[in-house]
Every structure is written in structure tokens, then in C-alpha cells.
Amino acid sequence: MGKAADLKRDDLVGIRGAPHIVEDLKVSTPSARGAATLYRFRFRNLVTKAKVDLTCKGDDPFDGIAFEKRPVQFLFAQQDVYTFMDEEDFSQFTLLRAEIEEQAEFLVENTEGLQALVADGRILALELPASVTLEIAACDPVLKGATATGRFKPATLQTGLVVQVPEYLTPGEKIRVDTRTRKFVQRA
């Protein structure tokens, strides 16, 4: 992959021979002369799902991982088993909810724009699009006089995800949700 300074969120690297994805990164520049910029990373091991926190200097090297991204489509879920289809060869594969716990709240039938990270013929992780369209399943009723720039209220979406939405929205409406921040973006 290269140096710590080149890494960004969602990049894959090898740490002690295991594939890890960059979940979070913070850069701090000390004010002392000659002090090196520090990069604080939070990685997630794609095999064990364990979190790893590392602090590095900008020129610290990381191992690369041989992987490919394949476009996939979410088809359906039965209990805790999620079925996907590879859009290139139309083969199907399944993942357990425990393997995709954080992404599962954004998946509805026929979701497109997903990428599967594959290494050595094994699915390591799913990469979600920047935002997805979900339907509001339940929320408090609209208050008289609610405005577009007004207050927010919690809304439960069709997948069970709870987000804060403007109070003028009602159940049945579709909204766009940012998959990285888990926040309301706009009406769909």
C-alpha cells in the first residue's frame, strides 16, 4: 500500500499478515519544531472483526493486500443469512448478519451499488455506497407549524435503523441516509 501519510478511510492494508480496513484516521501536527506529524488510525481486522488502534509517523510503511472489488447486489435476507449476487458472473453467495453487522442496517432488497472486497476467493467485507434510500417506518406525527429548517425527531427506518429527521417528515416517505455518518441527508 505504501506509507501512513497516503492512507485514507476504507483503504485495505496488511498488519501482521492479516487484512485490515481503515475505519477512522486523525492527523495531529505537533507545534514543536522538528516534530513529526502523527497519524492515529483505527483499523478493523476483516477476519476476526477486532479493532486495532495504531499511531504512526507519515513515512511508516504498511503492507499491501492483494484484493479485488466486485460489484454485488443484495437480494434478500432470511433470518440472519443475507444473500448477494455478483453482478459480473451472476453467482450468489451468503453472509451471516454477524459478518456484516454494521452494514446490515442499510440493506434492503435489490440494493445496488455495493462492492465486495475479495481476497484469495474469500469475501472479506462489503463496501456500501456513500448514501442509500430508505423508507421511514415509524416516527412521531407532524407538528403543526413544523418548518423545513425546524427541529428534528427520531425516525425508525424500514431496516430498524433510527436516525434524526426533520419533524415535517411522515411514515412512508423515502429519505437518503449517509452510510458513513448514519445521518439524514435529504428526501428521496
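Bear in mind that the values in this text are calculations on the coordinates, not laboratory data. Because the structure is a prediction, the values reported are computed rather than measured. Here the Cβ positions follow ideal geometry from the backbone for every residue, glycine too, while neighbour counts run over all protein chains shown.
Quickly work out the residue 158-to-residue 78 label distance, labels modelled 7 Å from Cα along the C-beta direction, and quote it in nm with one decimal.
2.1 nm
Charges only on Cβ, +1 for Lys and Arg, -1 for Asp and Glu: so what's the dipole of the chain about the Cα centre, in debye to the nearest 20?
1000 debye
Note the full-extension length gain between residue 119 and residue 10 as 0.36 nm times their separation in residues minus their Cα-Cα distance, in nm to one decimal. All intermediate terms of the calculation are to be shown ahead of the outcome.
Numbers: separation 109, 0.36 × 109 = 39.24 nm, distance 1.55 nm.
Residue separation times 0.36 nm, minus the Cα-Cα distance, leaves 37.7 nm.
Within straight cross-link reach of residue 57, meaning Cα distance under 12 Å, which aspartates and glutamates are found once same-chain residues fewer than 8 apart are removed?
6
Given the pairs 8/183; 8/153; 26/153; 8/49, which span a C-alpha to C-alpha distance of over 24 angstrom in this model?
Numbers: 8/183 21 Å; 8/153 33 Å; 26/153 31 Å; 8/49 19 Å.
Violating the 24 Å Cα-Cα cut-off are 8/153; 26/153.
Given points 7 Å out from each Cα along the Cα-Cβ axis, report the residue 47 to residue 112 separation in nanometres with one decimal.
3.6 nm
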